[in-house]
């Protein structure tokens, strides 16, 4: 059994890291949380556990605004995604990873990573981008696309998306102009947390997370470790 390895709080940078997995992994995955839930939310923990189970070291971190929410009753809206890029890059430097590294995140966290990915990839700092439930548009606002930078993305990218994700469904996403470096894993009847309705789909969230992790394992082996 692989246990949570460390939880540390760097006051100077206002970031939390939650690291799980082997000490000498073939690759590390750094994940940021979504707009409304912290790094230790049920969905992020379950996704991390699934990735650790196939041999990855997974490092989750928290943006400063989410850290403030832990100590305050105030729930201000999250900052605009693009303004969080410097924090993401600072977290990457703090992680000080020495082996193959994939960056990404859940929902907004993956979006922030996607906006920073190409520069990092071209410098050899990362080998791929993993997005768990990419927010292609706000719920109920399919005309407000967040895909402009994805048209020419050069970083090898895997997006794991539920077919009924209200931020981008299986019917919507194929109509977007996306870079050929982007692959999409569709999880049947999955929502924004990749969770299906078992009575409708015949799958459990555990099934989908296992499928996600297996696909990420194969994709990393092909993209980063060949």
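The values are calculated or read from the model by the stated rules, or taken from the named source; none is laboratory data. All values derive from a computational prediction rather than experimental measurement. Backbone-built Cβ (ideal geometry, glycine too); neighbour counts: all protein chains shown.
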Scan of segment 186-205 for residues that are touching a residue at least 12 places away in the same chain (Cβ under 8 Å) and part of a helix (DSSP H, G or I), ordered by number: 201, 205
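Listed here are the residues, each with its yes/no results for (1) farther than 25 Å from residue 213 by Cβ; (2) at pLDDT 95 or above; (3) part of a loop (DSSP other than H, G, I, E, B).
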site: 94; (1), (2), (3): yes, no, no
site: 118; (1), (2), (3): yes, yes, no
site: 129; (1), (2), (3): no, yes, no
site: 141; (1), (2), (3): yes, yes, yes
site: 145; (1), (2), (3): yes, yes, yes
Exactly one of these conditions fails for residue 204: (1) buried (at least 16 other Cβ atoms within 10 Å of the Cβ); (2) over 25 Å from residue 27 (Cβ atoms); (3) in contact with a helix residue (DSSP H, G or I) (Cβ under 6 Å, 6 or more places away or on another chain). Give me its number. (1)
Take the residues in segment 180-195 that are more than 16 Å from residue 106 (Cβ to Cβ) and in contact with a helix residue (DSSP H, G or I) (Cβ under 6 Å, 6 or more places away or on another chain), then tell me which one is surrounded by the fewest Cβ atoms within 10 Å (Cβ to Cβ). 188
Would you mention how many residues in segment 194-217 are within 11 Å of residue 160 (Cβ to Cβ) and touching a strand residue (DSSP E or B) at 6+ places or on another chain (Cβ under 8 Å)? 6
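Residue-wise test of (1) part of a helix (DSSP H, G or I); (2) buried (at least 16 other Cβ atoms within 10 Å of the Cβ).
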position	(1), (2)
48	yes, yes
51	yes, yes
59	no, yes
67	yes, yes
70	yes, no
75	no, no
78	no, yes
88	yes, yes
Enumerate the pairs (first residue in segment 51-77 and at positive phi and in contact (Cβ under 8 Å) with a residue 24 or more places away in the chain; second residue anywhere and buried (at least 24 other Cβ atoms within 10 Å of the Cβ) and part of a strand (DSSP E or B)) with beta-carbon separation below 7 Å, excluding pairs fewer than 6 apart on the same chain, so at least 6 apart or on different chains. none
